[in-house]
Every structure is written in structure tokens, then in C-alpha cells.
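The values are calculated or read from the model by the stated rules, or taken from the named source; none is laboratory data. Because the structure is predicted, anything quoted here is derived from the model rather than measured. Note that each Cβ is placed from the backbone with ideal geometry, even for glycine, and that neighbours are counted across all protein chains shown. Accessible surface areas use protein heavy atoms only, side chains included; no ligands, DNA or RNA. Shrake-Rupley method; radii C 1.70, N 1.55, O 1.52, S 1.80 Å.
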Amino acid sequence: MTSPGTAIDSLNAALKCNIIPNQEYLLQGSVLDQYVEVLLHRLRGLCDNVDSGPESFHDHELYFVLRATNTGGPMVLPLRVRRALDVPDAPWQLRYVGQQELGDKNRPTVVRSSIDMACSSTIVEFLTELGCRVEFEYIARGYMFRKGRMKITVSKIFKMGNIANKSGEGVEPISQSYLVELSVLAPSGQDAIAEDMRIFAEQLRPLVQLEKIDYKRLGNLP
Amino acid sequence: MGVTVLQQFPIETRTGPSTIELLSKRISALGAVQQGQFLVDCETYTSTPALGHQRTVHVLHNSEQPATVFSILETGQKTIPLATDGLFDLLMMKMSGFYTSKKQTKAESKGPRYEIGDFCVKLGTVTVSQNFKGILVEVEYRPSVVPALCWELMREFLQGFLGSSVPATPPAYLQNRMQELYTPMDTIHQYLEQFTIFRKSPGLRP
């Protein structure tokens with residue numbers, strides 16, 4: 001009987017075969033509140049989950065940053081933690097999102113590295129004691145659609161109101177619009193998916209304009 | 001998933017492989033059937049001075065829960081457990097500027113895995129950075145998740161094949177949690193305690 005290999009060996013093997021979905025292809029846009037119903041209607045027609053209808057979500061996201069200054073200069077590691085407010089027993093989500101690459105004009109989507117995993121609810125205390133600090137937090141409520149490997153979310157972003165108010169009720173929206181995101185998590189090098197996304201995004205015009213957003217132009221985000 | 005008791009088995013004048021063989025014979029004589037092999041490993045990372053006061057993260061894997069990575073963070077005041085998917089190892093690589101591993105502390109327990117009725121028995125050869133350190137015997141009683149309800153039964157079973165090396169009282173880690181629901185993380189805590197003892201102990205001949 002062969003002994004099981006170490007977890008690190010299997011991870012390295014998976015990395016070598018390039019089967020770990022660690023790249024996120026992303027397009028973003030927004031739609032005003034008064035037109036969101038039209039967009040949802042359009043998505044219902046275009047997406048896979050026709051019978052069951054769109055999946056709703058109500059999440060709380062915390063954005064942590066681990067910072068230190070070494071001889072090589074400052075180091076920053078951003079980590080996001082998400083939990084479902086509507087499904088309290090569901091695992092929490094921990095996510096590392098790397099620097100985004102806009103690429104040249106011919107590349108249809110933003111590409112950024114992403115490590116996404118489920119975790120236990122001790123994650124907030126774990127990260128805090130690890131040395132991470134919360135930079136900001138928000139509540140996102142909306143709908144999720146699927147089209148093949150693509151994920152489309154239409155979400156309303158809310159400011160965190162009273163912290164004591166854990167249920168997420170009575171919070172204030174940050175704008176009069178919904179955030180629309182089209183994304184795929186895939187192993188690196190699968191650039192064909194970006195083309196599918198561009199074609200899908202075309203079908204949502206002019207209701208919503210999904211684009212490569214350059215965060216550097218929006219102000220000082222980490 | 002049940003309650004697990006982990007204990008060292010003294011090798012006395014024997015070698016590691018002959019001790020495993022001896023225990024294998026005893027457990028097989030009771031009717032146990034070997035069901036593959038098992039592996040529990042532990043890598044320890046410490047924070048770099050740039051992060052302030054020193055913290056330690058132990059990252060463990062258990063072949064019994066192959067899709068999970070278990071981490072235990074020790075700050076000096078607090079111990080915080082975390083269970084995540086396998087990709088946590090990838091995240092630890094990203095943290096290499098903040099937390100670094102001491103390679104010479106990599107601990108492992110591996111060996112044959114037996115099933116006998118409601119029990120699962122694992123005979124582990126412990127190495128710390130490839131050096132043989134001793135034998136760990138893990139016994140799991142699977143129908144129950146409350147230690148207080150099955151400790152006596154488990155002790156009797158353990159004594160049946162380990163003899164007098166079995167203490168009369170539960171392991172220290174379990175003593176404080178006899179009435180609580182047992183989880184896979186509790187097994188990880190017991191392994192970490194044992195690995196910490198082995199890391200401090202001098203090497204043995206294999």
C-alpha cells in the first residue's frame with residue numbers, strides 16, 4: 001500500500017499541471033437603481049439558471065491588509081473576508097486578490113491573481129492576531145447569475161451602519177446604483193475565456209457598460 | 001468523525017520499525033484490518049521582526065481530512081484555530097515576507113491505518129526534519145463525539161493492545177473538554193502538542 005503524499009507535494013503537482021484556478025478575469029460596470037429591473041430581466045433571459053431564477057446573496061465583506069516594512073521596502077498583503085448574512089451557518093470565505101493587470105487594449109478583461117477558499121468563522125480573529133488591520137468593510141446585497149463558467153453579480157453596496165446591527169438591516173447605500181461584475185476564476189493562461197466575456201458583455205449593452213476599470217485612476221486604493 | 005485519543009508509545013530498547021511491527025501484530029491479532037496509510041504533518045512559521053511581537057503559525061494537514069488545511073496561531077496570550085481549504089498553503093507562500101518557516105522543525109507522523117469495529121487505529125512513526133523521534137498511537141472511537149461518554153471504553157481498548165503504557169486519565173488536552181463536542185480540530189491540537197514535545201526531545205536511532 002502506498003503512503004499518502006504530503007499535502008504540499010500534491011499542491012506543487014497541481015501548480016505544475018496548472019489546474020488551480022488562481023486567475024480572475026474581470027469586467028465591471030454599474031447601473032442606476034431605476035434600471036436594475038430591466039438588467040435583471042435581461043440577465044434572466046441570457047443566463048443558465050433560468051428555471052430556478054437568480055440566486056440572491058446578502059454578504060458582509062471585510063478588507064484586511066497585512067503591512068510591514070522590511071529591508072526591501074514596504075510589503076502589503078491584502079486579504080478579503082466575506083460571510084453570508086442570510087446563511088449564518090455557511091462557511092466564511094477568505095480571498096487574496098493580487099495586483100490587477102490591465103494589459104494592452106487588445107486584452108478584453110482585467111486579469112488579477114486570486115486565491116479563494118472557504119474557511120471557519122475564526123478567520124476574523126485569526127487575521128487580526130496575525131497582524132492584519134481592517135481597512136474598510138461593506139455589505140453587498142444582490143443577485144448572482146451563471147452563464148457557463150462566467151459569474152455575473154448585480155449588487156447594491158451599503159456602508160456599515162451601527163456595528164451592533166449585525167443583521168445588516170437599516171444600512172445606508174453608498175450610491176444610487178448597482179455594481180455589476182462579470183468574472184471567471186480559471187487557471188492561468190486560459191485567455192480564451194476573456195473573449196467569451198467580451199462577447200457576453202456586448203449583449204448587455206447599452207443597459208450596462210462592462211469595462212476594464214483602472215483603479216489607479218480612481219484614487220488611492222491599496 | 002468521532003473522539004480521538006493520541007498518545008506516545010515508548011519504544012524502550014526496540015527500533016522504530018520493530019515497534020510498529022509489534023503493535024501491528026497485536027492489533028491484527030484483535031481482528032483489525034489495515035485500510036491504507038495515514039499522514040499528519042506540521043510546518044511552523046514565525047513572524048518576521050517587522051511585524052512586531054513574535055507570533056507563531058502552525059500549519060497542519062491530516063490525510064483523514066485531505067481537503068482541509070488546519071492552522072493554529074499562537075500569539076503568546078491566545079491560541080486561535082482556523083480550518084480552510086487546501087489553497088491556504090498557497091496563501092502561506094504569499095506571506096513568506098511576513099511569516100517564515102524553520103525547515104528543521106517540519107514534523108510528521110505516518111504509518112499504517114487500521115479499522116476494527118467502531119475504532120480506527122493509526123500507528124505513526126514520528127520524524128522531525130527527517131529524524132526519527134518516536135511512535136504516536138492514535139485511536140478514534142467513531143460512534144461518539146463527546147469525550148466524557150467514551151473515554152472509559154477507549155482506555156480499555158487502548159490497554160488491550162498497548163498494555164500498561166496507557167495512562168488512567170485522559171490526555172491533558174481532552175481533560176478540559178470532556179463534555180464538549182469533539183471536532184477534527186481537536187485531533188490537530190493533540191498532534192501539535194505531541195510534535196512540540198518531540199521537537200524538544202533528543203533524536204533516537206531509527
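Taking B:R55, A:R205 and ordering them by how much accessible surface each has at a 1.4 Å probe, largest first, produces A:R205, B:R55.
For segment B:38-47, the Karplus equation 6.51 cos²θ - 1.76 cosθ + 1.60, evaluated at θ = phi - 60°, returns couplings of 9, 8, 10, 10, 9, 10, 10, 10, 10, 6 Hz by residue, with Gly and Pro reported as x. Average accessible surface for segment A:21-213: 50 Å² per residue, computed with a 1.4 Å probe over protein heavy atoms with every protein chain in place. Which residue fluctuates most in the GNM of chain A (Cα springs below 10 Å): A:F136, A:F145, A:F64? The residue that fluctuates most here is A:F136. Remark: the B:V146-B:T13 segment gains 44.2 nm on full extension, using 0.36 nm per residue and subtracting the alpha carbon distance. When shorter helices are ignored and each DSSP H run of at least 4 residues is given -39500 (n - 2.57), the per-residue value for chain A at 222 nm works out to -5500 deg cm²/dmol.
Here B:K25 is the anchor, and the aspartates and glutamates within straight C-alpha reach of less than 17 Å, apart from those fewer than 8 places off in the same chain, are B:E115, B:E138. Rounded to the nearest 10 square angstrom, A:D191 shows an accessible area of 80 square angstrom against a 1.4 Å probe. In this assembly, the B-A interface accounts for approximately 3200 Å² of buried accessible surface in total, computed with a 1.4 Å probe and without ligands, DNA or RNA. Segment B:E21..B:K103, full-extension length gain: 26.6 nm, with 0.36 nm per residue of separation and the alpha-carbon distance subtracted.
Net charge dipole, the protein assembly as shown: roughly 1020 debye, given to the nearest 20, about the Cα centre with Cβ charges of +1 for Lys and Arg and -1 for Asp and Glu. Which parts of segment B:150-192 would a label at B:L30 reach, counting a residue when its backbone N lies under 19 Å from a point 7 Å out along Cα-to-Cβ? B:150-171, by backbone N distance to the label point. Once the Cα-Cα distance is subtracted from the 0.36 nm per residue extended length, the B:T183 to B:K200 segment shows a gain of 3.4 nm. Listed by chain and number, the aspartates and glutamates whose C-alpha is less than 18 Å from the C-alpha of B:K106, apart from same-chain residues fewer than 8 away, are A:D9, B:D41, B:E43, B:E74, B:D89, B:E193.
Taking all protein chains together and a 1.4 Å probe, the residues A:I213, B:I11 rank A:I213, B:I11 from largest to smallest accessible area.
The 1.4 Å probe gives accessible areas that order B:I188, A:I8, largest first, as A:I8, B:I188. With r defined as the distance between the Cβ atoms of B:E193 and A:K159 and R0 fixed at 41 Å, what FRET efficiency is calculated, to the nearest 0.05? Approximately 0.40, to the nearest 0.05.
Note on segment A:81-141 and segment B:108-144: Cα centroid distance 36 Å, given to the nearest whole angstrom.
Would you work out which of B:A29, B:H61, B:S71 lies farthest towards the positive end of the dipole of segment B:1-73? Charges go on Cβ: Lys and Arg +1, Asp and Glu -1. Positive-end residue among those listed: B:A29.
Nearest 0.05, what FRET efficiency do B:Q130 and A:K151 give at R0 = 30 Å with Cβ-Cβ as r? The pair B:Q130/A:K151 has a calculated efficiency of 0.10. Positive end of the dipole of the protein assembly as shown (Cβ unit charges, origin at the Cα centre): among B:F88, A:S177, B:T44, the Cα lying farthest that way belongs to B:T44.
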